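Reading through the C-alpha cells given below for one structure.
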Amino acid sequence: MRILVTGGAGFIGANFVLQTVAERPEITVTVLDALTYAGNRTSLDSVADRIDFVHGDIADLDLVDELVSGVDAVVHFAAESHNDNSLADPWPFVQTNVVGTFSLLQAVRRHDVRYHHISTDEVYGDLELDDPERFTESTPYNPSSPYSATKASSDLLVRAWARSYGVRATISNCSNNYGPYQHVEKFIPRQITNLIDGIRPRLYGAGRNVRDWIHVDDHNRAVWDILERGRLGQTYLIGADGELDNKSVVAALLAEFGRDPDDFDFVTDRPGHDMRYAIDSTLLRSELGWQPRYRDFREGLAATVRWYRENESWWRPRKEAVEHAYAAQGERTLPTH
Ligand code: NAD
Ligand code: DAU
C-alpha cells in the first residue's frame with residue numbers, strides 16, 4: 001500500500017509517519033508538507049531514507065493531482081492548527097484548511113483514491129463545565145474560532161464529496177493531543193519549555209477551561225484502524241476520556257519540575273475561548289475495537305517532559321519567536337484570582 005501523508009512534518013503527522021514506518025514496514029510513505037513555521041523536517045530525520053518527502057503546498061492543484069495519482073490512500077493532516085494565530089490572522093486558515101482540502105478532494109475524486117480526513121472536536125463548539133453530555137458523531141456543528149470554522153468547513157466539503165461524487169472518505173474528529181514533536185506555541189510544550197527556562201507557566205483567564213487529552217500515538221493508532229476498517233462516509237470521534245482543566249495540567253507540570261503549586265501566572269484570556277471539550281468515543285471503541293494505550297495522563301506527561309528536556313535542539317530555535325508573538329498579541333499578566 002502506498003500512502004500520501006499531508007502535513008507529515010507537523011506534530012501529529014510526524015508521529016504518524018514515525019509510527020507507520022516502525023510498525024508497518026510494508027507501507028510506502030510519501031509526505032507532502034509546505035514546511036510552514038509549524039513544519040519541522042528534522043522530526044523525520046530518523047526515517048529520512050525510508051520515505052519520500054515532497055516540499056509543497058496542498059493547495060497546488062497540479063502537484064497534488066500528480067502525487068495523488070500514484071498512491072492508494074491519502075491521510076490529510078496538513079492544516080493551520082493554532083487558535084490564537086487564527087484570531088490574529090485568519091486568512092492562511094481559509095487558504096490551507098478550506099482551499100487546500102478542496103484541492104485534495106478534487107484529486108482523490110479524479111483518481112478514485114481512498115481519503116482519510118483528520119479533524120478536530122472543536123467543530124462542535126464547546127460544552128458547559130457541568131454539562132453531563134459529551135460530543136458524539138451526531139452533535140451539530142457549532143465552531144467558535146476562525147480555526148475551528150475552517151476545520152468545520154473542510155469536514156463539510158468531505159461529506160459533500162463523499163455523498164455527491166462517491167469519494168471513498170472517512171473523517172475523524174479528535175480531542176487535544178500531547179506528546180513529542182509538538183510546536184512550542186501549544187499549551188503543554190509552551191509551559192514545559194517555560195519551566196525549563198525558569199519562566200512561570202501562563203494560564204489563560206481563570207485556568208478553568210477543560211480539554212480532553214489524548215496521547216498522539218493513541219490518536220494515530222485510531223487513524224490506522226479507521227483507514228483499514230472504517231465504514232466509508234462515516235465520521236469517528238477519537239478521545240481517551242482525558243478531561244482535565246488547564247489549571248490541573250499546570251499543577252501536574254509544576255509537580256514534575258519540583259516547583260511550588262502556586263508558581264504560575266494568569267494571563268489575558270483568549271477571545272471566544274471555548275470552555276470545555278469532551279469526547280464520547282463509543283462508536284470507535286465498539287465498532288473498531290480501538291482502546292487507548294496511554295491511560296495515565298501523568299505518566300504520559302512525564303515522558304513528554306523528558307522528551308523536551310532531551311531534545312532542546314529541536315525546540316530551542318522556535319521558542320523566542322513564539323514568546324515574542326504572544327507578547328505582540330497583547331498577552332499580559334493578570335491579578336491572581
Ligand atoms: P501542526 O501545526 O503541528 O502541523 C501542521 C503541518 O501542516 C505542518 O508541518 C505544516 O508545515 C503543514 N502545512 C501547513 N500548511 C500547509 C500547506 N498549505 N500545504 C502543505 N502543508 C502544510 O498541526 P498538528 O497539531 O499536527 O495538527 C495536524 C492535524 O490534526 C490538523 O488537521 C489539526 O486540525 C488536527 N488536529 C489537531 C489536534 C491537536 O491537538 N494538535 C487535535 C485534533 C485534530
Ligand atoms: O481540541 C483539539 C484542538 O486542540 C486542535 O484542533 C487544535 O489544533 C489544537 O491546537 C488544540 O486547540 P486548543 O486551543 O485547545 O489548544 P492550545 O494548546 O492552544 O490550548 C489548550 C488550552 O490551554 C486552551 O484552553 C487554551 C489554554 N492555554 C493555551 C496557551 C498556549 C493557556 O492557558 N495558556 C497558554 O499559554
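Figure legend. Inter-residue proximity from region 76-87: first residues near ligand 1 (Cβ under 7 Å from one of its atoms) and among the aromatic types (Phe, Trp, Tyr), second residues outside any loop (DSSP other than H, G, I, E, B) and at pLDDT 95 or above, beta-carbon distance below 8 Å, spacing 6+ or different chains. Indicated pairs: Phe77/Val5; Phe77/Thr6; Phe77/Ile12; Phe77/Gly13; Phe77/Phe16; Phe77/Ile118. Looking only at residues of region 167-185 that are among the aliphatic types (A, V, I, L, M) and within 28 Å of Gly242 (Cα to Cα), we find that the one that is surrounded by the most Cβ atoms within 10 Å (Cβ to Cβ) is Ala169. Quick one: how many residues across region 167-181 are part of a loop (DSSP other than H, G, I, E, B) and either near ligand 1 (Cβ under 7 Å from one of its atoms) or in contact with a Cys (Cβ under 8 Å, 6 or more places away or on another chain) (or both)? Final tally of qualifying residues: 2. Looking at region 138-166, which of its residues are among the polar types (S, T, N, Q) and either in a loop (DSSP other than H, G, I, E, B) or in contact with a Pro (Cβ under 8 Å, 6 or more places away or on another chain) (or both)? If the condition is that a residue be among the polar types (S, T, N, Q) and either in a loop (DSSP other than H, G, I, E, B) or in contact with a Pro (Cβ under 8 Å, 6 or more places away or on another chain) (or both), then Ser138, Thr139, Asn142, Ser144, Ser145, Thr150 are the ones that fit.
Listed here are the residues, each with its yes/no results for (1) more than 16 Å from ligand 1 (Cβ to nearest atom); (2) among the small types (Gly, Ala, Ser); (3) under 17 Å from Asn220 (Cα atoms).
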site: Pro261; (1), (2), (3): yes, no, no
site: Met275; (1), (2), (3): yes, no, no
site: Ser281; (1), (2), (3): no, yes, yes
site: Ser286; (1), (2), (3): yes, yes, no
site: Gly289; (1), (2), (3): yes, yes, yes
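Between Ala251, Ala240, Ala222, the distinction of being more than 16 Å from ligand 1 (Cβ to nearest atom) and hydrophobic (A, V, I, L, M, F, W, C) belongs to Ala251 only.
State all residues of region 113-166 that are of a type in the set (Phe, Trp, Tyr), surrounded by 20 or more Cβ atoms within 10 Å (Cβ to Cβ) and within 16 Å of ligand 1 (Cβ to nearest atom); if no residue qualifies, say none. Correct list: Tyr115, Tyr124, Phe135, Tyr147.
Answer yes or no: is there a residue in region 78-93 that is open to solvent by 50 Å² or more (accessible area, probe 1.4 Å), closer than 24 Å to Ser175 by Cα and in contact with a helix residue (DSSP H, G or I) (Cβ under 6 Å, 6 or more places away or on another chain). Within region 78-93 (the criterion being open to solvent by 50 Å² or more (accessible area, probe 1.4 Å), closer than 24 Å to Ser175 by Cα and in contact with a helix residue (DSSP H, G or I) (Cβ under 6 Å, 6 or more places away or on another chain)), the answer is yes, since at least one residue qualifies. All told, Asp218 meets the bar of being within 20 Å of Leu301 (Cα to Cα), touching a Phe, Trp or Tyr at 6+ places or on another chain (Cβ under 8 Å) and not in a strand (DSSP E or B). Taking the criterion of being open to solvent by 70 Å² or more (accessible area, probe 1.4 Å) and either out of contact with any strand residue (DSSP E or B) (no Cβ under 6 Å at 6 or more places or on another chain) or over 24 Å from Gln19 (Cβ atoms) (or both), the residues of region 43-53 that qualify are Asp45, Ser46, Asp49, Arg50.
When Phe16, Phe11 are screened for being among the aromatic types (Phe, Trp, Tyr) and within 6 Å of ligand 1 (Cβ to nearest atom), only Phe11 passes.
Just so you know, in region 54-67 the residues that are open to solvent by 40 Å² or more (accessible area, probe 1.4 Å) and under 21 Å from the mean Cα position of the chain (by Cα) include one that is farthest from ligand 1 (Cβ to nearest atom), and it is His55. The residues in region 186-211 that are within 16 Å of ligand 1 (Cβ to nearest atom), in a loop (DSSP other than H, G, I, E, B) and surrounded by 21 or more Cβ atoms within 10 Å (Cβ to Cβ) can be counted, and the count is 1.
The values are calculated or read from the model by the stated rules, or taken from the named source; none is laboratory data. Everything numeric in this text was worked out from a predicted model, so none of it was measured. Virtual Cβ from ideal backbone geometry, glycine too; neighbours counted across all protein chains shown. Quick note on the areas: whole protein, heavy atoms, side chains included, nothing else; ligands and nucleic acids left out. Shrake-Rupley method; radii C 1.70, N 1.55, O 1.52, S 1.80 Å.
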